[in-house]
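These notes are about the structure you will find just below.
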Amino acid sequence: MHKHIRSTEGRIFLPSVAFFVYSCMIESDSDISERNDDTEMEQIYDVIILGAGPAGLSAGLYAGRSRLSTLIIERGIPGGQIMNTNEIENYPGQMLSGETGFTLIGRMQAQAEQFGAVITTDTIVEVTLDGDIKALKGTKGTYHARHLIIATGARPRPIGCKNEEAFVGRGISYCATCDANFFRGLDVYVAGGGDAAVEEALFLTRFARKVTVIHRRDTLRAVGSIQEEAFANPKMAFLWDSVVEEVYGDEVLSGMWIKNVKTGERTRIEPAEGDATFGLFGFIGNEPNSGLFEGILKRDDQGYILTDENMCTCVPGVYAAGDVRAKSLRQVVTAVSDGAVAAMQAAKDEQGI
Ligand SMILES: Cc1cc2nc3c(=O)[nH]c(=O)nc-3n(C[C@H](O)[C@H](O)[C@H](O)COP(=O)(O)OP(=O)(O)OC[C@H]3O[C@@H](n4cnc5c(N)ncnc54)[C@H](O)[C@@H]3O)c2cc1C
């Protein structure tokens, strides 16, 4: 395996000046607005699905086809995390070239809606799950259903460096598809070493002058084919055994300290001569959007919701599907599978089978 070790001496320089506005922010459960006008929605749905990512849309399709009245509540635009990638290659049956998260989700949404699932926009801030009728309080009103499928997914884990929050949208991003264009011609750094990190780093090479992966280990965790592509790409470089310790700057990111976790050596990275900034993208895993269910549902020590193989949680009539639940592989293919199982289980429970 080749290792492209960047010099840890001196500074790294960038040649041009850029001004940018970014679209991608991390929203934590606690950021969710508490605004609520207490409107009681009259209808009691057979099923409410919380979240319109792949798991929620798949659950919507299966619930709709089972002739359950189905409401999908989504706080943003439908699609979930996969909307953040320009590259999807591993969803069986997808288009072989030109498929993006956006195009794939477009078809999933149309299919769910075709079978009667209704998608509404609201952010749920509180849930009452005991009793036969589940209540979900959102910023626009309160929704009721006999069954709830939780498909709230996950969000990017912060890089974990000092001053990180202050530079989100001002040099730090968690979404290459959203923000790559802002770093055209500049140097970019990617924190992480798994599939998503290396895939997104490869995507960033189409925009950036150079993309350096900063990984805390001395080998990547990404699958072999992605690693081969990364090592063969002349625009890619690697900083092994390293973590981002601190970022700094005024208006935009203008420097960071990298620490070698084996030697303890600290290296300063700054924009190249003539440049105002560089980019730092974080792809170091996810955290579940399960804060709403703290103290109500059983979760593992990382907050992922525990279910049985039929996606049932510890509360009758409440199911969890997709990235929000404890499982070994978090991908679109497993999310849609979970959604289907959860909806069919809800249909059986509705019929008392
Ligand atoms: C950069 C990147 C690249 C990836 N590449 C691939 C790939 O190539 N192949 C692959 O198979 N997988 C890939 N994945 C993983 C894949 O995107 C996820 O496994 C999948 O999206 C999980 O689907 P989900 O429906 O469980 O959750 P999510 O996609 O996270 O969707 C959850 C939805 O719930 C909504 N929500 C959350 N809380 C609330 C609330 N309180 N009220 C209302 N709505 C709420 C969110 O807004 C979101 O739309 C990638 C992920 C990332 C981040």
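The values are calculated or read from the model by the stated rules, or taken from the named source; none is laboratory data. Every value quoted in this text rests on a predicted model; they were computed, and no experiment measured them. No Cβ is skipped: glycine too gets one built from the backbone with ideal geometry, and neighbour counts run over all protein chains shown.
Any residue in segment 172-187 that is among the β-branched types (Val, Ile, Thr) and surrounded by 22 or more Cβ atoms within 10 Å (Cβ to Cβ)? Before the answer, list the steps.
Of segment 172-187, the ones among the β-branched types (Val, Ile, Thr) are 172, 177.
Filter again for surrounded by 22 or more Cβ atoms within 10 Å (Cβ to Cβ), leaving 172.
Within segment 172-187, one or more residues are among the β-branched types (Val, Ile, Thr) and surrounded by 22 or more Cβ atoms within 10 Å (Cβ to Cβ).
Quick check: anything in segment 208-222 closer than 23 Å to VAL261 by Cα, assigned by TED's automatic domain parsing to the domain that holds TRP257, touching a residue at least 60 places away in the same chain (Cβ under 8 Å) and part of a helix (DSSP H, G or I)?
Let us first name the residues in segment 208-222 that are closer than 23 Å to VAL261 by Cα, namely 211-222.
Checking the rest, the ones that are also assigned by TED's automatic domain parsing to the domain that holds TRP257 come to 211-222.
From what's left, touching a residue at least 60 places away in the same chain (Cβ under 8 Å): 212, 218-219.
Within this subset, residues satisfying the condition of being part of a helix (DSSP H, G or I) are none.
Within segment 208-222 (the criterion being closer than 23 Å to VAL261 by Cα, assigned by TED's automatic domain parsing to the domain that holds TRP257, touching a residue at least 60 places away in the same chain (Cβ under 8 Å) and part of a helix (DSSP H, G or I)), the answer is no, since none of the residues qualifies.
Give the residues of segment 173-202 that are more than 14 Å from the ligand (Cβ to nearest atom), not in a loop (DSSP other than H, G, I, E, B) and not aromatic (Phe, Trp, Tyr), sorted by residue number.
ASN181, ASP187, VAL188
ASP300 is checked against (1) closer than 30 Å to THR123 by Cβ; (2) modelled with pLDDT under 95; (3) among the acidic types (Asp, Glu) and fails just one. What number does that condition carry?
(2)
Got at least one residue in segment 81-88 being closer than 25 Å to ASP349 by Cβ and not hydroxyl-bearing (Ser, Thr, Tyr)?
Quick first cut of segment 81-88, residues closer than 25 Å to ASP349 by Cβ only: none.
Within segment 81-88, none of the residues are closer than 25 Å to ASP349 by Cβ and not hydroxyl-bearing (Ser, Thr, Tyr).
Return the residue satisfying two criteria in turn: it lies in segment 298-318 and is away from the ligand (no atom under 14 Å from the Cβ) and among the aliphatic types (A, V, I, L, M), and of such residues it is nearest to ALA145 (Cα to Cα). Give the steps one after another, and end with the answer.
Let us first name the residues in segment 298-318 that are away from the ligand (no atom under 14 Å from the Cβ), namely 298-302, 306, 308-310, 312-318.
This time we only want the ones that are among the aliphatic types (A, V, I, L, M), so: 306, 315, 318.
Values: LEU306: 21, VAL315: 14, VAL318: 10 Å.
Only one residue fits best here, namely VAL318.
Taking segment 33-75 as the search range and keeping residues that are at pLDDT below 95 and not in a loop (DSSP other than H, G, I, E, B), which one is surrounded by the fewest Cβ atoms within 10 Å (Cβ to Cβ)? Break it down into steps so the answer makes sense when it comes.
Initial filter on segment 33-75 (at pLDDT below 95): 33-43.
Remaining after also requiring not in a loop (DSSP other than H, G, I, E, B): 40-43.
Details: GLU40: 9, MET41: 17, GLU42: 6, GLN43: 10.
Only one residue fits best here, namely GLU42.
Check whether at least one residue in segment 63-80 is out of contact with any strand residue (DSSP E or B) (no Cβ under 9 Å at 6 or more places or on another chain), away from the ligand (no atom under 13 Å from the Cβ) and of a type outside the set (A, V, I, L, M, F, W, C), and report yes or no.
We begin by selecting, within segment 63-80, every residue out of contact with any strand residue (DSSP E or B) (no Cβ under 9 Å at 6 or more places or on another chain); these are 65, 79.
Now narrow it down to the ones that are away from the ligand (no atom under 13 Å from the Cβ): 65.
Still in the list and also of a type outside the set (A, V, I, L, M, F, W, C): 65.
Yes.
Would you check if there is a residue in segment 99-115 being in contact with a strand residue (DSSP E or B) (Cβ under 6 Å, 6 or more places away or on another chain), crowded, with 17+ Cβ neighbours inside 10 Å and under 26 Å from TYR304 (Cβ atoms)? First the steps, then the outcome.
In the first step, residues of segment 99-115 are kept if they are in contact with a strand residue (DSSP E or B) (Cβ under 6 Å, 6 or more places away or on another chain); the result is none.
Checked against the condition, which is being in contact with a strand residue (DSSP E or B) (Cβ under 6 Å, 6 or more places away or on another chain), crowded, with 17+ Cβ neighbours inside 10 Å and under 26 Å from TYR304 (Cβ atoms), segment 99-115 yields no hits at all.
Residue under question is LEU220, and the condition is that it be more than 16 Å from the ligand (Cβ to nearest atom) and surrounded by 22 or more Cβ atoms within 10 Å (Cβ to Cβ); does it hold? So that I can check it myself, show each step before the final result.
Numbers: more than 16 Å from the ligand (Cβ to nearest atom): no; surrounded by 22 or more Cβ atoms within 10 Å (Cβ to Cβ): yes.
Taking the combined requirement at face value, the residue does not satisfy it.
Going residue by residue through segment 319-339, is there one that turns out to be more than 19 Å from the chain's Cα centre (by Cα) and surrounded by fewer than 20 Cβ atoms within 10 Å (Cβ to Cβ)? So that I can check it myself, show each step before the final result.
Our first condition is that a residue be more than 19 Å from the chain's Cα centre (by Cα); within segment 319-339, this holds for 319.
Okay, now just the ones that are also surrounded by fewer than 20 Cβ atoms within 10 Å (Cβ to Cβ), so none.
The answer is no; no qualifying residue exists.
With the condition being more than 11 Å from the ligand (Cβ to nearest atom) and either over 25 Å from ALA196 (Cβ atoms) or over 23 Å from the mean Cα position of the chain (by Cα) (or both), I'd like the strands (runs of 3 or more DSSP E) fully within segment 94-171 carrying at least 2 qualifying residues. Working first, answer last.
Numbers: elements: 118-121, 124-128, 134-138, 142-150, 154-156.
So the answer is 134-138, 142-150.
In this structure, does THR120 turn out to be in the same structural domain as GLU245 (by TED's automatic domain parsing) and polar (S, T, N, Q)?
Working: in the same structural domain as GLU245 (by TED's automatic domain parsing): no; polar (S, T, N, Q): yes.
Answer is no for this residue.
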